[in-house]
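So the structure is just underneath, and the comments pick up after that.
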Amino acid sequence: MLDTYSPAWMTEDLEIFKDAVNKFYTREFAPHSDRWTKQGHVDRDAWNKAGEAGLLCASIPEEYGGGGGDYRHEAILVEEMERTGVVGFGNTVHSLICAHYINAYGTEEQKQHILPKMASGDMVCAIAMTEPGTGSDLQAVKTTAIKQGNQYVVNGSKTFISNGQQADLVIVVAKTDPSQGAKGMSLMLVETQDTEGFSRGRNLDKMGQHAADTSELFFDDVKIPATSVLGGEEGQGFYQLMQQLPAERLIIAAQGLGAMERAIDLTVDYTRQRKTFGNAIFDYQNTQFKLAECKTTWMAARALVDQLTVQLLEGKLDANSAAAAKFWVTERQCEVIDDCLQLFGGYGYMDEYPISRMYTDARVQRIYGGSNEIMRMLVARSL
Ligand SMILES: Cc1cc2nc3c(=O)[nH]c(=O)nc-3n(C[C@H](O)[C@H](O)[C@H](O)COP(=O)(O)OP(=O)(O)OC[C@H]3O[C@@H](n4cnc5c(N)ncnc54)[C@H](O)[C@@H]3O)c2cc1C
């Protein structure tokens, strides 16, 4: 089994954290995976349970209710989620992405108001960049937040927003100055409860990741206080987004690692049990060669991600290295899961076998967080 491998950045304390996370996910969340898949979202109280167990905002300072950890805690959380087969729990968006925008750029008042509620699970957060008309080309967003007196008026629509159905707070990428490109962009904090003009579209039907709610969001003359610009200053949005992207992309690669590992472990188990022509499928050389290739791919991915994790912790991770890891690991993830699925034969195509769902869940890893083509463009720019 692959989970005996320990990354270079692992410490004794982190091993204890990892063990606790694994037990929590196995006991509290994994048994609900099928139900969450059918209902199209996790239970709302899952967020509060995770908050009580210290799984939310693990890398946010304790003074704001967080766990006081760092990126390694988030990497452990996402890898364990994959390993234990937990589906749909959008904690990466909530804790690694949204909470870090607030922590890094928020005014003291914004941090005090929002972060403790996010850490407890009382406030679920989403980030809304993508619009029906634009995804990769973020500067082309059409949503506006125009200042009128002591408030902003937000208009526009967003799509494909993770945690969209459950979000109590949405960080909305909007133009506060539509005459400008990147310089006119700001991140607006929009609380959703009882907010006139805000509405959620349907929970979108997807190829995979059925338990993760992914939604359209509409803003129709939504009035929010003048204090709702993240950091208090207009025009900083694009810069803020770019600063956080390396960690966001590295965590997608870490998720890919966890998924590959689970796929290989499941396949070793299955092929050892299943017999054809009087032999375990594992005993055929083709199976062993395929699984050896899968394991070696995983080892290479592990080495890359671990090296970049150390760079990130030292504050040295650059955008193009993170982009390289994102596209390379997610593509290897899809290949490894495909090879593993093949070894399940027809059962690999049946949804009651986790490998089938892992196959469809994996596909979007090459699309969100910046598509893999955009990642290649970033890497090419560094040459
Ligand atoms: C399940 C899911 C969850 C998501 N969660 C979120 C979320 O929480 N928040 C959020 O804001 N967004 C989210 N997204 C949106 C996601 O980030 C976008 O789908 C992605 O950035 C691509 O944008 P697009 O779909 O508009 O594709 P487009 O930008 O229209 O691109 C279409 C294709 O053209 C390629 N392409 C585009 N430009 C170029 C170029 N210059 N050169 C070469 N090829 C190019 C792309 O790589 C892609 O293959 C999510 C999407 C999915 C499917």
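Just so you know, all these numbers are worked out from the coordinates, no wet-lab data involved. Since the model is a prediction, treat every value here as computed from it, not as a measurement. Counting neighbours? That spans all protein chains shown, and the Cβs are built from the backbone with ideal geometry, glycine included.
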| query | Which is farthest toward the positive dipole end of segment 239-381 among LEU308, VAL379, TYR270, measuring Cα position about the Cα centre, with Cβ charges +1 (Lys, Arg) and -1 (Asp, Glu)? | reply | VAL379
| remark: Between the residues ALA323, TYR5, ALA46, the Cα farthest towards the positive end of the dipole of the chain, that dipole coming from +1 and -1 charges on the beta-carbon of Lys, Arg, Asp and Glu, is from ALA323
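For n ≥ 4 DSSP H runs only, could you compute -39500 (n - 2.57) per run for the chain, divide by its residues and tell me the 222 nm figure to the nearest 500?
Working: 11 runs with 173 residues, N = 383.
Per the formula, -15000 deg cm²/dmol.
Which value, in debye to the nearest 20, describes the size of the charge dipole of segment 1-135 about its Cα centre when Lys and Arg Cβ atoms bear +1, Asp and Glu Cβ atoms bear -1, and nothing else is charged? Don't skip to the answer; put the middle values down first.
Details: 11 positive and 21 negative charges, 90 e Å.
Here the size comes out at about 440 debye.
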| query | In the chain, which Cys residues have no partner Cys with a Cβ closer than 4.7 Å? | reply | CYS57, CYS294, CYS334, CYS340
| request: Mind telling me which of ALA324, ALA303, ALA362 comes out most flexible in a GNM of the chain, alpha-carbon contacts under 10 Å? | output: ALA303
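Sort 305-318, 173-186 by packing, meaning the average of other beta carbons within 10 Å per residue, with the highest value first.
On the way: 305-318: 16.4, 173-186: 18.9.
Ranked by mean Cβ neighbours within 10 Å, highest first: 173-186, 305-318.
Given charges of +1 on the Cβ of Lys and Arg and -1 on the Cβ of Asp and Glu, with all other atoms neutral, how large is the dipole of segment 223-294 about its Cα centre, in debye to the nearest 20? Walk me through the numbers on the way to the answer.
Working: 7 positive and 8 negative charges, 73 e Å.
Roughly 360 debye, rounded to the nearest 20.
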| Nonlocal Lys pairs with alpha-carbon distance under 25 Å, segment 126-234 (8 or more apart, or different chains) | 16
| query | Taking the Cα centre of the chain as origin and charging only Cβ (+1 Lys, Arg; -1 Asp, Glu), how large is the dipole, in debye to the nearest 20? | reply | 900 debye
| remark: Scoring the chain by relative contact order with C-alpha pairs under 8 Å, at least six apart, yields a percentage of 16 percent
| message | Given the options GLN236, VAL190, TYR359, identify the residue whose Cα lies farthest towards the positive end of the charge dipole of the chain (+1 on Cβ of Lys, Arg; -1 on Cβ of Asp, Glu). | response | TYR359
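Express in % the proportion of alpha carbon pairs of the chain at distances exceeding 36 Å.
22 percent
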